[in-house]
Amino acid sequence: MNFISFLSMQIEKIALNLNEIIIYLLPFLEPYLTNHPEAIMITIGFGGQALFATRFIIQWLSSENAGRSIIPVAFWYFSISGGLVLLTYAIWRQDPVIIAGQSVGVFIYARNLYFINREKKLTE
């Protein structure tokens with residue numbers, strides 16, 4: 001767990017730097033972000049969840065347009081993006097359950113994108 005703690009600290013340092021940038025760009029947020037520095041990581045976590053949820057909307061709309069169940073390539077890109085952001089959040093929280101789940105998921109999404117890109121290259 002020491003490695004996870006180390007990664008968590010690195011993520012927190014990046015988040016605090018991001019906090020400073022946000023305060024510089026949007027100074028009216030300074031009182032809130034100064035008193036609630038974890039707010040940036042919670043926002044990042046919700047952003048990852050939004051990316052992850054968007055993949056289902058993309059899949060649903062694509063299937064409706066095709067009149068059959070399909071999984072578009074965008075589904076996998078949103079899956080891996082949301083998975084990586086949620087993995088970052090999970091590491092920051094040092095939550096082994098979410099870390100394990102997102103790690104496996106990110107591997108599967110990357111593998112599917114590998115197969116899709118390999119197939120495209122073979123058919124060109």
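Values quoted throughout were computed directly from the atomic coordinates according to the rules given, and no laboratory measurement underlies them. Just so we're clear, the structure is a prediction, and the values are computed from it rather than from any experiment. As a convention, Cβ positions derive from the backbone with ideal geometry for all residues, glycine included, and neighbour counts pool all protein chains shown.
Give me the one-decimal nm value for the distance between modelled label points at L16 and F115, 7 Å along each residue's Cα-to-Cβ direction.
Taking the simple label geometry, L16 and F115 are separated by 4.4 nm.
For n ≥ 4 DSSP H runs only, could you compute -39500 (n - 2.57) per run for the chain, divide by its residues and tell me the 222 nm figure to the nearest 500?
On the way: 5 runs with 107 residues, N = 124.
Per the formula, -30000 deg cm²/dmol.
Got a sec? Which residues in the range 108-124 would a label at S63 touch, if it sits 7 Å along Cα→Cβ and we count backbone N under 14 Å?
Backbone N within reach: none found.
So how much slack lies between Q94 and T54, counting 0.36 nm per residue of separation and subtracting their Cα-Cα distance, in nm? Let's see the in-between values first.
Numbers: separation 40, 0.36 × 40 = 14.40 nm, distance 2.52 nm.
Gain on extension, Q94 to T54, equals 11.9 nm.
Which order do peptides 20-29, 46-55, 115-124, 73-82 fall in by mean Cβ count within 10 Å, highest first? Each step should come with its number before you reach the end.
Details: 20-29: 11.1, 46-55: 16.2, 115-124: 9.2, 73-82: 19.5.
So the order, starting with the most tightly packed, is 73-82, 46-55, 20-29, 115-124.
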